[in-house]
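All remarks here apply to the structure that follows.
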Amino acid sequence: MSGPTAFHDLPASAFPLVMELLDAKTRKVRWTTTITGPGGVRIPGCAETNGGKPVIARITFADGEVVEAMPGG
């Protein structure tokens, strides 16, 4: 199964970064990965990680900055 592809140009100082998918209601972590450098990453859909329920995408960058993307946003 494939979905949309997104490209983001991150500086080397952003790595390593941690990407997590959280249940949108409980905020329980449903999937996590550490990305050590540039390259492609497959991010599983909510059907694979949270039984089809909405998820929040959270990225924690090397400098400690945390960015979250809410469902539908």
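A few notes on this one:
- For the chain, averaging the sequence separation of C-alpha pairs within contact (under 8 Å, six or more residues apart) and dividing by the residue count gives a relative contact order of 33 percent.
- Positive-end ranking of I56, P16, T34 along the dipole of the chain, with charges on Cβ about the Cα centre, is headed by I56.
- In a reduced charge model with +1 at each Lys and Arg Cβ and -1 at each Asp and Glu Cβ, the stretch 23-73 shows a dipole moment near 280 debye about its Cα centre.
- 17 Å cut-off, amide nitrogen to a point 7 angstrom out along T32 Cα→Cβ, residues in the stretch 54-73: 56-69
Every read-out reported here was derived from the displayed coordinates using simple, explicitly stated rules and does not represent laboratory data. Every value quoted in this text rests on a predicted model; they were computed, and no experiment measured them. Please note: Cβ atoms are built from the backbone with ideal geometry, for glycine as well, and neighbour counts cover all protein chains shown.
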